Amino acid sequence: MRVGILGSGLMGGKLGTLFARAGHEVVFSYARSRKKLEGLARDAGGQARAGSPAEAARDADAVLLAVHWSRVDDVLKQAGDLSGKVLVTCSLPMNADDTELVVAHTSSGAEELARKARKAKVVAAFGTVPSEVLFGVFEARESEARPSLVYCGDDDGAKEVAVRLIRDVGFDPVDAGPLRIARYMEPFTMLVAQLAYEGDGGPELAYRFERFASPA
Ligand SMILES: NC(=O)c1ccc[n+]([C@@H]2O[C@H](COP(=O)([O-])OP(=O)(O)OC[C@H]3O[C@@H](n4cnc5c(N)ncnc54)[C@H](OP(=O)(O)O)[C@@H]3O)[C@@H](O)[C@H]2O)c1
């Protein structure tokens with residue numbers, strides 16, 4: 001697939017690298033220096049390159065939004081027309097110092113994004129894990145007990161595209177339902193972040209849902 005990365009920082013840089021290693025054609029965009037984008041593309045190898053947000057979005061089968069909430073309007077403007085595009089977002093609606101969700105309970109960042117990019121097919125995915133765990137999950141992708149990754153969205157076709165990317169990174173995708181479920185996923189991320197950054201075990205943290213049948 002062709003995957004455009006909008007925001008090539010901790011999340012976009014790592015996810016783009018892993019998508020490229022999984023064989024996708026990746027365009028890294030939206031960092032403050034072109035050199036950084038070129039370095040990411042070089043290190044990712046495969047068919048990765050640096051480009052503008054418009055170039056990343058053009059011809060993309062999936063576009064990953066990975067910017068701070070305060071940069072969403074700017075990057076969308078630079079990306080241009082996203083009509084019909086699968087827009088996978090890991091961006092959380094955080095305040096300036098990343099301490100609080102500024103949208104919650106009655107809406108979510110993903111739903112607000114769908115209002116901003118009206119004709120895009122928004123899927124919320126990848127935002128529930130810290131960037132620090134992504135390479136480790138990829139390394140362990142052949143193992144049986146893959147970590148879970150919840151995702152949600154309103155378009156089934158777009159969700160299938162997201163599932164491919166989720167699997168390629170090494171997670172076991174868990175369909176949480178329609179996009180409005182992002183209003184539960186995003187606060188859940190705050191819990192994961194608390195455990196990752198304030199807990200004793202370090203930030204390389206993922207989660208796994210398991211079902212247990214009750215005895216007959
Ligand atoms: N980090 C995590 O573990 C994590 C986990 C889950 C969800 N999230 C969410 O994912 C999103 C991305 O987080 P992140 O940690 O990847 O952020 P980040 O490392 O700060 O990356 C943001 C990207 O946007 C670029 N950018 C910022 N201002 C810009 C400007 N004025 N012009 C051009 N580019 C600009 C940055 O450029 P530079 O590269 O030049 O800095 C960087 O490439 C956020 O919404 C966050 O809440 C993050």
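Worth pointing out:
- Residues whose amide H falls under 5 Å from that of VAL174, counting only those 5 or more places apart or on a different chain, are LEU149, VAL150, TYR151, with hydrogens built in the peptide plane.
- FRET efficiency, ASP154 to GLU132 (Cβ-Cβ, R0 35 Å, nearest 0.05): 0.70
- Karplus (6.51, -1.76, 1.60) ³J(HN,Hα), θ = phi - 60°, over segment 202-209, in Hz, Gly and Pro reported as x: x, x, 7, 10, 10, 9, 9, 8
- Legend: Rg and Dmax of segment 19-175, from Cα coordinates, 15.3, 42 Å.
- Flagged links, alpha-carbon separation over 21 Å, of LYS14/LYS121; LYS14/LYS36; LYS77/LYS119: LYS14/LYS121
- Counting only GluC sites (Glu not before Pro) that DSSP places in a loop and that have at most 16 other Cβ atoms within 10 Å, the longest clean stretch of the chain runs over 1-99.
- Difference of contour (0.36 nm per residue) and Cα-Cα distance, ARG211 to ASP97: 37.3 nm
- Whether segment 52-140 is rounded, prolate or oblate, judged on the alpha carbon gyration tensor where a/c under 1.5 counts as rounded: oblate
- Loop-located chymotrypsin sites (Phe, Trp or Tyr not before Pro) in segment 94-163 (DSSP state not H, G, I, E or B) with no more than 11 neighbouring Cβ atoms inside 10 Å do not occur.
- Calculated from backbone phi, Karplus (6.51, -1.76, 1.60) coupling profile of segment 71-76 in Hz, x at Gly/Pro: 9, 4, 4, 5, 5, 5
- 10 Å Cβ shell holding at most 12 others, DSSP loop, trypsin sites (Lys or Arg not before Pro): longest site-free stretch of the chain: 120-207
- In nm, spacing of pseudo-spin labels at ASP200 and SER52 (7 Å Cα→C-beta vector): 5.3 nm
- Per-residue ³J(HN,Hα) for segment 33-43, Karplus 6.51 cos²θ - 1.76 cosθ + 1.60, θ = phi - 60°, Hz, x for Gly and Pro: 9, 4, 4, 4, 4, 5, x, 4, 5, 5, 5
Values in this text are rule-based calculations from the coordinates and carry no lab data. These figures come from a predicted structure and were not determined experimentally. Positions of Cβ are generated from backbone atoms using ideal geometry, with glycine treated the same way; all protein chains shown enter the neighbour counts.
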